[in-house]
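Report on the following structure.
The values are calculated or read from the model by the stated rules, or taken from the named source; none is laboratory data. As the structure is a prediction and not an experimental result, all values here were calculated from the model. Please note: Cβ atoms are built from the backbone with ideal geometry, for glycine as well, and neighbour counts cover all protein chains shown.
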Amino acid sequence: MQSIFRGRHFINLEDFTKEEVDTMLEVSLDLKKKFAMGVPTPYLLHQSMFLMFFEQSTRTRNSMEAGFAQLGGHAGFLDSSSMQIAHGESAKDTAIILSRFGHAIACRYCNWGYGNKYLTEMAKWSSKPIMNLQCDLYHPFQALADLMTMREKIGDLKRVKVSIIWAYAESHKKPISVPVSQVLLFPRYGMDVVLAHPQGWELPDWVIAQAKANAEKYGGSVTVTDNEAEAYAGAHIVIPKNWGNWVNDQTGVAAAGAVAVVDDKLKAQRFWKCTEAKMVTADKNVMYMHALPADRNNEVEDSVIDGPHSIVYDEAENRLHTAKAVMTLLMGGR
Ligand code: CP
């Protein structure tokens, strides 16, 4: 077990060794059991932190806010549009001031080409941990909760086939940060990862290269395909989810909600939907996962997301327990 976490930033799970990720999972499970038994967990008593959001959130905001209260602290929600950021205040000044006021800063900023740079700049100047609540490249809290969920359901994940599958959506042009974090993390647990998407929705080359290096090191595999049927065939876990074609996008416009997403190129891919017919080609005990929110009846049929193979609510619940574990380790550990 690795136990030196205090004061570190949490921006990308690649910054943590596998042993450290294992420790995060162990602490998450311990906190989950205590939550179920009503055992108080006042590990961060009287601490304060700031939750900065440039975009909307249901799970991330509330898992952090409720989770931090359950640890004995107070988390203040900050909508970036009502901060002096709206008048151009820099990441440096914001980070220095907020880190003098409290014990950690967490931030969601998904703007393509800007989000990760903004968080990295904050991390350079903040005297307290910076936590990534999703940027344009990574969503470490989501990937950690997904890993915890798969471990709870299956146990040892070695040689388990998990398929990360692009899916059609009209709700908004979603960031690539969820599939990027998953394709980097899952091979570290020896999983056979299949990444399937139509041409034009590639993840960056350096992500695939790093994912394959992780697979090589830990005994998993990474296959990239534009064949959706190959991804479903015999899969133990499927994660069909939309992401935008950001990689060649030079606009840098907001990822969440501000972009007209439905064009002819996208519409041509509307058959990339998770259906019951596709699910029957997977393993008989296949599990359906989605980070949520799902674009129902575009990304997935209701009968799948509401059906017996779906574990989306267990997955979402684990956002709470993993968030509490990371906050406890970074803010309360030694
Ligand atoms: N999965 C996830 O990050 O959900 P929110 O956008 O609601 O936070």
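Points to keep in mind about this one:
Let's see how each residue does on (1) over 22 Å from W243 (Cα atoms); (2) within 18 Å of the chain's Cα centre (by Cα); (3) surrounded by fewer than 24 Cβ atoms within 10 Å (Cβ to Cβ):
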site	(1), (2), (3)
N116	no, yes, yes
M131	yes, yes, no
G155	yes, no, yes
V160	yes, no, yes
G190	yes, no, yes
H197	no, no, yes
W206	no, no, yes
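- Considering residues of the stretch 290-334 that are crowded, with 24+ Cβ neighbours inside 10 Å and part of a loop (DSSP other than H, G, I, E, B) only, the residue nearest to the ligand (Cβ to nearest atom): A291
- For the stretch 253-260, the criterion of being in contact with a Pro (Cβ under 7 Å, 6 or more places away or on another chain), closer than 26 Å to E14 by Cα, in contact (Cβ under 8 Å) with a residue 60 or more places away in the chain and not in a helix (DSSP H, G or I) is met by at least one residue.
- Pairs linking a residue in the stretch 293-305 that is farther than 22 Å from Q142 by Cα to a residue that is among the polar types (S, T, N, Q) and part of a loop (DSSP other than H, G, I, E, B), with Cβ atoms under 8 Å and 6 or more positions apart or on different chains, are E301/T275.
- Residue count for the stretch 57-77, restricted to those that are within 8 Å of the ligand (Cβ to nearest atom) and of a type in the set (D, E, K, R): 2.
- Residue in the stretch 175-182 that is touching a Gly at 6+ places or on another chain (Cβ under 8 Å), over 19 Å from A231 (Cβ atoms) and assigned to a loop (DSSP other than H, G, I, E, B) present: yes
- Among (1) within 30 Å of V238 (Cα to Cα); (2) surrounded by 22 or more Cβ atoms within 10 Å (Cβ to Cβ) - the single one M122 does not satisfy: (1)
- Consider the stretch 67-80 and keep the residues that are surrounded by fewer than 20 Cβ atoms within 10 Å (Cβ to Cβ) and in contact with a strand residue (DSSP E or B) (Cβ under 9 Å, 6 or more places away or on another chain). The one that is nearest to K324 (Cα to Cα) is A69.
- Residue match in the stretch 37-50 (condition: closer than 21 Å to D146 by Cβ, of a type in the set (A, V, I, L, M) and either assigned by TED's automatic domain parsing to the domain that holds V326 or within 16 Å of the ligand (Cβ to nearest atom) (or both)): no
- From the list F16, F53, the lone residue that is closer than 23 Å to S126 by Cα and within 16 Å of the ligand (Cβ to nearest atom) is F53.
- One residue from S171, S127, S90 being out of contact with any helix residue (DSSP H, G or I) (no Cβ under 7 Å at 6 or more places or on another chain), surrounded by fewer than 24 Cβ atoms within 10 Å (Cβ to Cβ) and modelled with pLDDT of 95 or more: S90
- Once the stretch 124-134 is narrowed to residues that are in contact with a Ser or Thr (Cβ under 6 Å, 6 or more places away or on another chain) and within 13 Å of the ligand (Cβ to nearest atom), the residue that is nearest to T322 (Cα to Cα) is L133.
- Near pairs, Cβ below 6 angstrom, 6+ apart or cross-chain, from the stretch 88-116 (under 15 Å from I11 (Cβ atoms) and aliphatic (A, V, I, L, M)) to any residue that is assigned to a helix (DSSP H, G or I) and more than 16 Å from the ligand (Cβ to nearest atom): A91/Y118; A91/E121; A91/M122; A95/M122; A95/W125; A104/M331; I105/L98
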